[in-house]
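I have placed the structure first, in the form of structure tokens, so that the comments after it can refer back to it.
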Amino acid sequence: MGTTREPVATTPIAQAQQLAERVVLIPLGAALEARDRITGAVDAIVTNSTEAIEGIVAVTRSRRTLDRQLKHYERRGGKARTELEREVRKTRSRLEREARHSRVRAERRAREARRGFEHQRTEARRAISSNVETLQSRVAPLRDRVEPVRSRFENVVQNGVSAGRKLVGDAQDRISKVA
């Protein structure tokens with residue numbers, strides 16, 4: 001008689017977890033086994049072999065045989081789960097690596113864009129500063145020429161306003177004397 005290597009569940013939670021795993025793994029292993037047998041049977045039918053058909057029809061005759069078959073299905077399901085987990089870890093690692101590389105490339109592009117922007121901003125400031133200085137150098141002589149004209153214009157306007165007030169005052173005096 002062979003001994004089984006089942007881990008002994010000590011707590012009710014561990015026992016429930018072990019039972020839940022078996023509930024999932026046994027049908028998975030049985031489905032994989034059935035798939036393999038059907039594939040083998042189809043191959044056997046193609047080659048006219050009756051041994052494969054007898055393997056599908058074989059019925060478990062005792063509790064011991066049933067337990068052995070259930071263990072086999074459980075191992076098969078566990079192996080499929082392990083392979084799936086390994087594939088998931090590989091895929092996750094690959095995706096994380098690709099995401100990390102993409103992030104590094106994006107950060108590098110952002111730094112390059114920021115440097116380019118800062119360079120353009122510096123160049124624009126220099127150009128504006130140069131243009132302001134050029135305009136100021138051109139405006140200064142004009143300001144010197146405009147100032148005397150402005151002063152004379154203000155004097156003429158002031159004289160016109162004064163003359164207008166005097167004229168209005170004289171007209172009001174004449175009107176009041178006539179009336």
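The values are calculated or read from the model by the stated rules, or taken from the named source; none is laboratory data. The structure displayed is predicted, hence computed values, not measured ones. Every residue, glycine as well, gets a Cβ built from its backbone with ideal geometry; the counts of neighbours run over all protein chains shown. Accessible surface areas use protein heavy atoms only, side chains included; no ligands, DNA or RNA. Shrake-Rupley method; radii C 1.70, N 1.55, O 1.52, S 1.80 Å.
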Near pairs, Cβ below 8 angstrom, 6+ apart or cross-chain, from segment 90-101 (of a type in the set (F, W, Y)) to any residue that is open to solvent by 100 Å² or more (accessible area, probe 1.4 Å)
none
Breaking point among (1) at pLDDT below 80; (2) open to solvent by 70 Å² or more (accessible area, probe 1.4 Å), for A41
(2)
Selection status of R165, at pLDDT below 90 and either in a helix (DSSP H, G or I) or of a type in the set (S, T, N, Q) (or both)
yes
Kindly provide the set of residues from segment 61-79 that are within 12 Å of I26 (Cβ to Cβ) and surrounded by 14 or more Cβ atoms within 10 Å (Cβ to Cβ), ordered by number.
Q69, L70, K71, H72, Y73, E74, R76, G77, G78
What about T82, is it surrounded by 10 or more Cβ atoms within 10 Å (Cβ to Cβ), free of Cβ contacts under 8 Å to residues at least 24 places away in the same chain, β-branched (V, I, T) and within 30 Å of A30 (Cα to Cα)?
yes
